[in-house]
Amino acid sequence: MREKTDKRDRAALFRLRLNEAMREKETSQSALARSIGVDRSTVSQLLNGTGARLPNAQVVGECAGALGISADWLLGLTDRPETAADILANTLSLTEAPRALVDEQIFQWHKEAAGYKIRHVPAGLPDMLKTRAMLEWEYAPHLGRSTQQAIGASEDRLAWMRDTQSDYEIAVPIFELHSFLHGEGYYSGLPHAVRAEQVENLMTVTEQLYPRLRIYLYDARRLFSAPVTIFGPLLAVVYIGQNYMAFRDTERVQALTQHFDYLVREAAVTARELPGHVRDIWASVDTASRTVPAGT
């Protein structure tokens, strides 16, 4: 229940906040009077009066609109001066998501969250763990002749992400890794040699960086997750294809963090189990590939 405020205190707070807003916007009494359609003396009374009465709702609303602030803030009903539209714009944004490895926006988010734990559900295998050959195979159809340039521009960013002091937790659907190991589905046509090099790199990086880097496999038949990255307590970004949907409000960041933590708790393969799990499957795939008769 909101604590009831004395009328005189509320009126004094209104005058204080109106003065503050005018200083912030560098607005004079005359300019505000013109904006809200009253005499300058009326604005002077709003700012310097000593009574317990508040101005009527229309005057409060006009002042708030002219100064780009919330009427509720002027009246002491909230501690946030932004309008509802500004709050929404600041807490939810939609930005372009180019098909280009670690693009500038993603990199800026990683730098902003340096030192925080970063939780990540990638759209496929994590780019930060891929070999150059794997990146070339995956991005060449889309980027064409600019593939090498894009990969080169991203390698420093990927290296920075691997070397930063942030902890990374990554949750991947178990079928995604299995499809890659077997060269099926999305990874159909990926040469065996490229997969072999990628497996070795995956094992090397995960073992070298553990426990700062932890990868979990969850069963997508039981659980579902859209691609999402949670940058500590700062923001959460959902990938929807051509755009990133970024949330900065605490409630939604916490909700998506809880979602990710649930994926980890229910993981079919834990970070400690991952190397052995991958090696066992790859050993059988590798053996099968060597025993397939030529020409079949």
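The values are calculated or read from the model by the stated rules, or taken from the named source; none is laboratory data. For clarity, every value in this text was computed on a predicted model and none was experimentally measured. Using ideal geometry, Cβ is built from the backbone for each residue, glycine included, and neighbour counts are taken over all protein chains shown.
Candidates Glu138, Glu176, Glu184: the one that is in contact (Cβ under 8 Å) with a residue 40 or more places away in the chain, within 25 Å of Tyr218 (Cα to Cα) and acidic (Asp, Glu) is Glu176.
Conditions tested, residue by residue: (1) assigned to a loop (DSSP other than H, G, I, E, B); (2) at pLDDT below 90; (3) among the basic types (Lys, Arg); (4) under 30 Å from Lys25 (Cα atoms).
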| residue | (1), (2), (3), (4) |
| --- | --- |
| Asp79 | yes, yes, no, yes |
| Glu82 | yes, yes, no, yes |
| Thr95 | no, yes, no, yes |
| Val102 | yes, yes, no, no |
| Leu181 | no, no, no, no |
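For segment 203-215, the count of residues that are charged (D, E, K, R), modelled with pLDDT under 95, within 17 Å of Val264 (Cβ to Cβ) and in a loop (DSSP other than H, G, I, E, B) is at least one.
For (1) outside the structural domain of Asp249 (by TED's automatic domain parsing); (2) among the acidic types (Asp, Glu); (3) without any contact (Cβ under 8 Å) to a residue 40 or more places away in the chain, each residue gets a yes or a no:
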position: Asn19; (1), (2), (3): yes, no, yes
position: Lys25; (1), (2), (3): yes, no, no
position: Asn56; (1), (2), (3): yes, no, yes
position: Asp72; (1), (2), (3): yes, yes, yes
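Number of residues in segment 264-273 that are within 25 Å of Thr204 (Cβ to Cβ) and either polar (S, T, N, Q) or under 26 Å from the mean Cα position of the chain (by Cα) (or both) equals 6. If you go through segment 50-67 and pick out every residue that is over 13 Å from Lys7 (Cβ atoms), touching a Lys or Arg at 6+ places or on another chain (Cβ under 7 Å) and small (Gly, Ala, Ser), you end up with 0.
Do we find that Ala159 is out of contact with any His (no Cβ under 9 Å at 6 or more places or on another chain), free of Cβ contacts under 8 Å to residues at least 24 places away in the same chain and in the same structural domain as Trp282 (by TED's automatic domain parsing) in this structure? So Ala159 passes the test. Gly189 meets all of the listed conditions (1) without any contact (Cβ under 8 Å) to a residue 24 or more places away in the chain; (2) closer than 22 Å to Pro227 by Cα; (3) not in a helix (DSSP H, G or I) but one, namely (2).
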